[in-house]
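The values are calculated or read from the model by the stated rules, or taken from the named source; none is laboratory data. Being a predicted model, the structure only gives us computed values, none of them experimental. When we count neighbours, we look across all protein chains shown, and the Cβ atoms used for this are built from the backbone with ideal geometry, even at glycine.
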Amino acid sequence: MLVVPLMQQPSYLNFDPDHYAWKPDIDYRERPELYRVGRGEQGVLICEPYKSEIGQFWRFKTEAIAVESSEKIFALFNEYLAAGDFVGADMARKYLQMGYTRARRYANYKGGRKYDGQRDYALLERGTGDAEKAEAAKVFYAEWKAAEANEVYAAMKEDWKHARG
């Protein structure tokens with residue numbers, strides 16, 4: 001197995017929950033003003049009750065499973081928008097994005113492992129993953145981009161970031 005040296009360790013090794021904007025003990029439906037959009041998928045596995053509502057449908061093992069999963073999550077995205085629930089819509093968008101990024105990780109790296117913990121977290125060889133996951137990633141990518149392109153969502157996101165960050 002070829003191991004490529006890594007200049008920087010994975011960020012999760014130095015994770016500091018005290019300085020993380022999202023907290024697991026906050027109900028973000030009751031306290032939406034505490035929610036921050038953040039970058040990418042930040043907070044997706046923490047923010048309740050959305051984590052429980054959306055996460056139960058998040059699957060990417062095969063293309064067929066990804067189609068079912070992403071369609072359900074996209075439907076939730078639209079339900080949240082219709083209810084004026086920006087936090088829910090943003091979390092659904094994050095799950096769609098995470099479906100893409102995680103499926104790509106498994107497509108690129110065998111077992112989804114990017115770093116070798118036994119070798120000071122060196123970057124493992126790319127291109128050893130599962131081709132089926134690449135197809136699942138394409139499915140999630142299309143839904144993620146459709147969510148981001150939604151004009152109502154885009155306006156809500158811009159307003160939210162301006163008002164709250």
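For the reader, a short list of remarks on this structure follows.
- Consider the stretch 36-71 and keep the residues that are of a type in the set (S, T, Y) and out of contact with any Gly (no Cβ under 8 Å at 6 or more places or on another chain). The one that is farthest from A147 (Cα to Cα) is T62.
- Filter pass, A89 being small (G, A, S), within 27 Å of Y20 (Cβ to Cβ), surrounded by 22 or more Cβ atoms within 10 Å (Cβ to Cβ) and over 11 Å from the mean Cα position of the chain (by Cα): yes
- Test: residue in the stretch 124-135 that is in contact with a Leu (Cβ under 7 Å, 6 or more places away or on another chain), touching a residue at least 24 places away in the same chain (Cβ under 8 Å) and buried (at least 20 other Cβ atoms within 10 Å of the Cβ): no
- Looking across Y153, Y106, one residue alone is touching a helix residue (DSSP H, G or I) at 6+ places or on another chain (Cβ under 9 Å), over 24 Å from Y28 (Cα atoms) and aromatic (F, W, Y). It is Y106.
- Within the stretch 47-86, restricting attention to residues that are touching an Asp or Glu at 6+ places or on another chain (Cβ under 6 Å) and assigned to a helix (DSSP H, G or I), the residue that is surrounded by the most Cβ atoms within 10 Å (Cβ to Cβ) is S70.
- Test: residue in the stretch 132-144 that is more than 30 Å from R29 (Cβ to Cβ), at pLDDT 95 or above and basic (K, R): yes
- Residue match in the stretch 122-129 (condition: of a type outside the set (S, T, N, Q) and within 26 Å of Y50 (Cα to Cα)): no
- Residues in the stretch 15-40 that are charged (D, E, K, R) and either over 16 Å from the mean Cα position of the chain (by Cα) or at pLDDT 90 or above (or both): D16, D18, K23, D25, D27, R29, E30, R31, E33, R36.
- Selection of the stretch 15-46 for residues being assigned to a loop (DSSP other than H, G, I, E, B) and of a type in the set (A, V, I, L, M) yields A21, I26, V37, V44, L45, I46.
- Condition check for G112 on (1) surrounded by 15 or more Cβ atoms within 10 Å (Cβ to Cβ); (2) closer than 29 Å to V87 by Cβ; (3) at pLDDT 80 or above: one failure, at (3).
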